[in-house]
Amino acid sequence: MFPIATSPVRRFLQTQAWFTTLPADQQDAIEAQVFTLTAARGAIVLPAHERTQGWYGVLRGLVKISGRVTAGRRSDFLGVAEGEWFGEGAVLKNELRRYQVVALRDTALLCLPSAVFHQLHATSLPFNQCVVTCLNLRLSQAMAMIEAGRTRSPEQRIALSLSRLFWSRTRQLDLTQDELASLAGMSRQTANWVLNALQEQGVISLSMNRIKVLDDEALTRLLE
């Protein structure tokens with residue numbers, strides 16, 4: 001249990017295994033250097049083509065990562081839920097952000113500044129283990145999306161987009177059917193047909209801009 005006076009930022013950091021291995025004075029220094037960014041639902045939290053400020057954790061809310069918009073079409077390819085990190089590749093390479101990050105709920109991001117990230121990268125084994133885990137997850141997600149786009153049926157692509165590979169921390173998603181269709185790489189009409197079928201089977205429930213996963217085992221069976 002955390003003391004009542006503990007800040008949300010400190011509580012978030014205390015859930016990170018790499019953070020709790022650091023000396024108390026270093027923990028305090030890192031807490032003093034991190035900062036937060038907030039955005040209302042639907043707003044762009046981080047625009048594309050800007051130099052990254054650091055490594056981002058979702059302190060509160062839910063975001064989606066979207067690719068370049070061309071000819072009026074947007075490419076959504078990843079959702080990031082509360083408690084998760086993203087952007088490790090960009091900060092490791094110190095490159096411009098190639099995507100925009102949009103809030104799907106009222107959201108607060110925590111940013112671990114690039115200088116602190118690289119200092120920890122050079123000195124902390126637990127920190128590096130965490131970063132490697134995140135990179136491995138991103139690789140798994142990327143390979144799953146490539147496979148889904150080439151060989152999977154619409155039902156399997158929707159099941160993958162709702163699976164714990166992409167949403168390990170939440171089973172209630174505030175996503176419109178347009179957003180899910182974009183994440184799954186299909187038309188809204190096809191996504192709507194699949195979602196209604198999954199609801200009839202008792203795998204999910206649908207309400208206004210909300211999808212709740214009821215049966216993870218059934219989703220897994222669809223992917224096998």
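Which of the residues spanning segment 151-165 are assigned to a helix (DSSP H, G or I) and either among the charged types (D, E, K, R) or surrounded by fewer than 15 Cβ atoms within 10 Å (Cβ to Cβ) (or both)? Passing the criteria: 151, 155, 157. Can you tell me which residue is nearest to residue 111 (Cα to Cα) among those in segment 17-47 that are touching a strand residue (DSSP E or B) at 6+ places or on another chain (Cβ under 8 Å) and open to solvent by less than 40 Å² (accessible area, probe 1.4 Å)? Restricting to residues being touching a strand residue (DSSP E or B) at 6+ places or on another chain (Cβ under 8 Å) and open to solvent by less than 40 Å² (accessible area, probe 1.4 Å), the top hit is 34. Put simply, of 95, 50, 88 the only residue that is loosely packed, with under 15 Cβ neighbours inside 10 Å and at pLDDT 90 or above is 50. Checking each residue in segment 14-47 for being among the charged types (D, E, K, R) and either part of a helix (DSSP H, G or I) or at pLDDT 95 or above (or both) picks out 25, 28, 31. Of 137, 112, all but one fail to be surrounded by 13 or more Cβ atoms within 10 Å (Cβ to Cβ) and modelled with pLDDT of 95 or more; the exception is 112. Annotation note: of 157, 221, the sole residue that is among the basic types (Lys, Arg), free of Cβ contacts under 8 Å to residues at least 40 places away in the same chain and over 23 Å from residue 104 (Cα atoms) is 221.
Scanning segment 166-195 for residues that are open to solvent by 60 Å² or more (accessible area, probe 1.4 Å) and without any contact (Cβ under 8 Å) to a residue 60 or more places away in the chain returns 172, 178, 188, 189, 193.
Quick one: which residue in 90, 122, 108 is out of contact with any Leu (no Cβ under 9 Å at 6 or more places or on another chain) and among the small types (Gly, Ala, Ser)?
122
The values are calculated or read from the model by the stated rules, or taken from the named source; none is laboratory data. Keep in mind it's a predicted model, so treat the numbers as computed, not measured. Positions of Cβ are backbone-derived with ideal geometry, glycine not excepted, and every protein chain shown enters the neighbour counts. These accessible areas exclude ligands, DNA and RNA; they are computed on the full protein's heavy atoms, side chains included. Shrake-Rupley method; radii C 1.70, N 1.55, O 1.52, S 1.80 Å.
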